[in-house]
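Peer 1: One structure, as structure tokens, below. Some questions next.
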Amino acid sequence: DVLSDRCISLVREGEVDIAITASGTALNEFASEHCFTDRFFLICRSDHPLASRSEVTLEELRDVDYISLSPHTSVQQHIADSLGALGITSTSFQVQSVFTVAGLINAGLGVSPLPELTLPMFHNPELRSIPLAEPGVTRPVHILWRKDRPLSIAAETMLELIRRHKPM
């Protein structure tokens, strides 16, 4: 339960056997499998002007108060490139925690594009999650482990469990 970069370090250092990560960095040094693709949604208050939309384009984020996560998070690494390509580089707030993002949105201080995996944290009748219009933003989520050493029986069992229950 750490940020993607730390997940990778823990596997590299042998502290953990496997990790599930949405890292934007190259994973060539590891054995890895694509687990699923995580789609991004815009999170806003139900009274926000975009709240009634069935989908939102990234371009529409140009004129709103945008709350971002730290650039060290895989979430921000994936969204920053897409927004940057549109010239959207400034944010109203930059925070470390998705829970802080939820609090700021709930207080009416902005909106945030976040991956589907985070949506349960925003289960609140006052908040809306709106899909980003195609091409949208996605991030690949991978399972990874070290190539240079065999997995323990427990790690093999966990890997098989993840494989059987991963989203299609």
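Peer 1: Of the residues 35, 44, 7, only one is surrounded by 15 or more Cβ atoms within 10 Å (Cβ to Cβ), modelled with pLDDT under 85 and not aromatic (Phe, Trp, Tyr); which?
Peer 2: Testing whether each residue is surrounded by 15 or more Cβ atoms within 10 Å (Cβ to Cβ), modelled with pLDDT under 85 and not aromatic (Phe, Trp, Tyr) leaves just 7.
Peer 1: From the set of residues in segment 157-166 that are over 9 Å from residue 17 (Cβ atoms) and surrounded by 10 or more Cβ atoms within 10 Å (Cβ to Cβ), which is farthest from the chain's Cα centre (by Cα)?
Peer 2: The qualifying residue farthest from the chain's Cα centre (by Cα) is 157.
Peer 1: Restricting to segment 119-136, name every residue that is within 15 Å of the chain's Cα centre (by Cα) and open to solvent by 10 Å² or more (accessible area, probe 1.4 Å).
Peer 2: Within segment 119-136, 119, 120, 121, 122, 129, 131, 136 meet the criteria.
Peer 1: Quick one: which of 98, 111 is at pLDDT below 90, surrounded by 15 or more Cβ atoms within 10 Å (Cβ to Cβ), under 17 Å from the mean Cα position of the chain (by Cα) and not hydroxyl-bearing (Ser, Thr, Tyr)?
Peer 2: Exactly one of 98, 111 is at pLDDT below 90, surrounded by 15 or more Cβ atoms within 10 Å (Cβ to Cβ), under 17 Å from the mean Cα position of the chain (by Cα) and not hydroxyl-bearing (Ser, Thr, Tyr), namely 98.
Peer 1: Report, ordered by the first and then the second residue, all pairs with beta carbons closer than 9 Å, sequence separation of six or more or different chains, a first member in segment 62-91 that is on the phi > 0 side of the Ramachandran plot, and a second member that is buried (at least 18 other Cβ atoms within 10 Å of the Cβ).
Peer 2: That search, which allows pairs on different chains as well, returns nothing.
The values are calculated or read from the model by the stated rules, or taken from the named source; none is laboratory data. Because the structure is predicted, anything quoted here is derived from the model rather than measured. Glycine also receives a Cβ, built like all others from the backbone with ideal geometry; neighbour counts cover every protein chain displayed. Just the protein is used for accessible areas: all its heavy atoms, side chains included, with ligands, DNA and RNA removed. Shrake-Rupley method; radii C 1.70, N 1.55, O 1.52, S 1.80 Å.
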